[in-house]
């Protein structure tokens, strides 16, 4: 039977949206009632999904939980984050060893998470029952998708900012300037502007993050205080942005919804839209578009505690943010509570939207995670001072706690929007960033509070303006409609301990006296607590510091670093420290780039990361020249133009103390598991045994003459599809819409030999062949003269050859008729979280070409 024929090509975004739409139809329910045959460890939604032979993706949450008490006792923010990360990783590694071994033996793919000690798998009723019977399993929860707050009113107030490019360029160059223009009504209502004026406090030195749909990082109101802004027209996205969803086209922050840009604007935006326009921001994209999957949220939650590079590697808990905003939620059961506890132990203040399911009357309409006791949940009110009709009320259905904790402006909130514009929308999503921004003001004014979650909540609660509404429970000054009342950060800052010293000064060029903007000024105390600000266009900086002994470090491109140690600072001291920096000499950097096989590579891009030096491309001989690189230590990166020769990207240290020459050989293209590819010598294996497979959108399973490994899992059978896929997990059909790799959307656990919309007609065959002696055999799966579903006359003959001795697989192309440009070629793991993509809709393969994928050791 043929599926209805849709337009030939569907995008990865379409596939993701289809999965999301299906997931949103269900939500987790309480655990099984007594008398059900399934273990009470298994939630009802999962039970329903796997009954009658069904299959579902779910999380196995283990009993062992990390002891985070030691992290809470640490004094500095960095020390807390490091200790929490270490405890969580060690616990997860120990407790997951046994279950991982069990799953590997059953040939079930899995993704492990350390922040919640959970393992993500896909399986049927039998697997669920086996896992539930294990003594190390606490509960098993069906994968759930959380919604972003519905935007209760979306006015078409999307205003284009004039001369956007000029505004962005100006903002980039003035990374230290605080723009506190006329504030929006919500900013003024919580009296943030009075904090700016009376305390000279706009959140300097505090880092805020959001877990949301991403951020337009170069929005004119946001670009200046993005932590990845180097202040010289360049950006470093490693450790400053992470896309857990795989939706962004590059490593740069993106926002395919607008929601994340809007919430970030309310927290730190310039031109009066942000509560703390002097704070610095980073972001984790944990929401695919208008919803957020458990899988992405867990990955984003881990990144918040231990930011990584853009590839999700080399974690740095010392670079964790101080505050994280979460304007999403839904449902009444979640294990995201584990992440909240981890953040709190690391001294990261979290704020959660209480939800938009209220009707102005009904109680217990808040939703998790904002409705859980460990979370600081936020309700919304309008400019007239009335609670928003949509704002969720308590008490919490999860644990009976009073919710929300506090309320903030959330109706008709104007903030940043993708496209360098503005939009005015409503929701508890809009209220929550007012609270996150307010904490940045509080911590900047009173740095002794940084990382003290309990004391901070107490001050927010004490400063709030009480509202008497007890119809859902509580008292006149603390109830389940308003929480502690309306946020008033001016009052809370006034109640805070005002013992901080203020350090101000200017940074200038030692030779010319010119004010230097974008210079990083970092103050670190004896226990490792660090505050960092950047100088403004006038070279000025301002830091508020708790009493102690500090070291100051200044750095900026083109200038020698400078440090000042053992600076004793007393309570309430007003200290002026001016600095002059010496310009350094610039030099020429030349070199040659070689491909993975040692041959000169042309058209590769060579970049000195984090500098204003313009990237260059290599010429026909692989040579490049970078002029005027200032003395210093940098990261030199090389990116090939395409993966045709399996060239990976290079990143290495570059020390410039004179004219430099570099000879760079690119590594093999590889994935996180260490799998790599190399061009291979074409050696066609002729088919000998016909496989019963024909038509459109079909699949069949064949036995393998020897075990084949994919991402550490061994298989003795595989499914072959008409669309050029080998699938080790399921006999999937209907996969004519090829996607980029990896992607969480099914199919997963695959080898894409030539994944396209193919048809096997009367001229086509699929065959297998086994050659060689035992221990040194090869097994080939061959597609002969496969046709294209669009009716063209083109044909493709290709094969996948598995090698018993090396464990590698070689993909060979006898004829492709220039149609490889519409296919996906590569391998992907069992959960769609890792993959090695050789080509996605690129002209990479040609007749008589071959590429070998070698198994990694990770």
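When the stretch 825-858 is filtered for residues that are assigned to a strand (DSSP E or B), under 27 Å from the mean Cα position of the chain (by Cα) and within 15 Å of residue 807 (Cβ to Cβ), the ones remaining, listed by number, are 827, 836. Of the strands (runs of 3 or more DSSP E) lying entirely inside the stretch 354-434, those carrying at least 3 residues that are surrounded by 24 or more Cβ atoms within 10 Å (Cβ to Cβ) are 377-381, 406-409, 413-417.
Restrict the check to the stretch 573-595 and report whether at least one residue is within 35 Å of the chain's Cα centre (by Cα), surrounded by fewer than 19 Cβ atoms within 10 Å (Cβ to Cβ) and farther than 30 Å from residue 666 by Cα. Taking every residue of the stretch 573-595 in turn, none turns out to be within 35 Å of the chain's Cα centre (by Cα), surrounded by fewer than 19 Cβ atoms within 10 Å (Cβ to Cβ) and farther than 30 Å from residue 666 by Cα. On the stretch given as the stretch 469-500, residues that are at pLDDT below 95 and surrounded by 16 or more Cβ atoms within 10 Å (Cβ to Cβ) total 1. Restricting 296, 327, 289 to residues that are touching a residue at least 24 places away in the same chain (Cβ under 8 Å) and surrounded by fewer than 24 Cβ atoms within 10 Å (Cβ to Cβ) narrows the list to 289.
Here the stretch 667-696 is the region considered, the condition is being assigned to a loop (DSSP other than H, G, I, E, B) and either within 30 Å of residue 110 (Cβ to Cβ) or outside the structural domain of residue 749 (by TED's automatic domain parsing) (or both), and the residue that is farthest from the chain's Cα centre (by Cα) is 693.
Annotation for the stretch 218-234: at least one member residue is over 27 Å from residue 272 (Cβ atoms) and at pLDDT below 95. Considering the stretch 293-349, the residues that are in a strand (DSSP E or B) and modelled with pLDDT of 90 or more include one that is farthest from residue 236 (Cα to Cα), namely 328.
When 626, 654 are checked against the criterion of being crowded, with 18+ Cβ neighbours inside 10 Å, touching a residue at least 40 places away in the same chain (Cβ under 8 Å) and under 30 Å from residue 534 (Cβ atoms), 654 stands alone in meeting it.
Go through the residues of the stretch 477-489 one by one and say whether even a single one is free of Cβ contacts under 8 Å to residues at least 60 places away in the same chain and in the same structural domain as residue 183 (by TED's automatic domain parsing). The answer is yes; a qualifying residue exists. Residues of the stretch 629-640 being under 25 Å from the mean Cα position of the chain (by Cα) and either closer than 16 Å to residue 839 by Cα or without any contact (Cβ under 8 Å) to a residue 24 or more places away in the chain (or both), which ones? 639, 640 - these are the residues of the stretch 629-640 that are under 25 Å from the mean Cα position of the chain (by Cα) and either closer than 16 Å to residue 839 by Cα or without any contact (Cβ under 8 Å) to a residue 24 or more places away in the chain (or both). How many residues does the stretch 453-500 hold that are part of a loop (DSSP other than H, G, I, E, B) and in contact with a helix residue (DSSP H, G or I) (Cβ under 9 Å, 6 or more places away or on another chain)? The qualifying residues number 10.
For the stretch 501-527, residues that are touching a helix residue (DSSP H, G or I) at 6+ places or on another chain (Cβ under 8 Å) and surrounded by fewer than 18 Cβ atoms within 10 Å (Cβ to Cβ) total 1. Summed over the stretch 223-272, the residues that are in a loop (DSSP other than H, G, I, E, B) and under 18 Å from the mean Cα position of the chain (by Cα) give a count of 21.
The set of residues in the stretch 448-468 that are surrounded by 24 or more Cβ atoms within 10 Å (Cβ to Cβ) and within 30 Å of the chain's Cα centre (by Cα) comprises 451, 460.
Among the residues of this structure, residue 780 counts as one that is within 27 Å of residue 709 (Cα to Cα), over 35 Å from the mean Cα position of the chain (by Cα) and in contact (Cβ under 8 Å) with a residue 60 or more places away in the chain.
The values are calculated or read from the model by the stated rules, or taken from the named source; none is laboratory data. Bear in mind that the values here come from a model prediction, so they are computed numbers and not experimental data. Neighbour counts run over all protein chains shown; Cβ positions are idealised from the backbone, glycine included.
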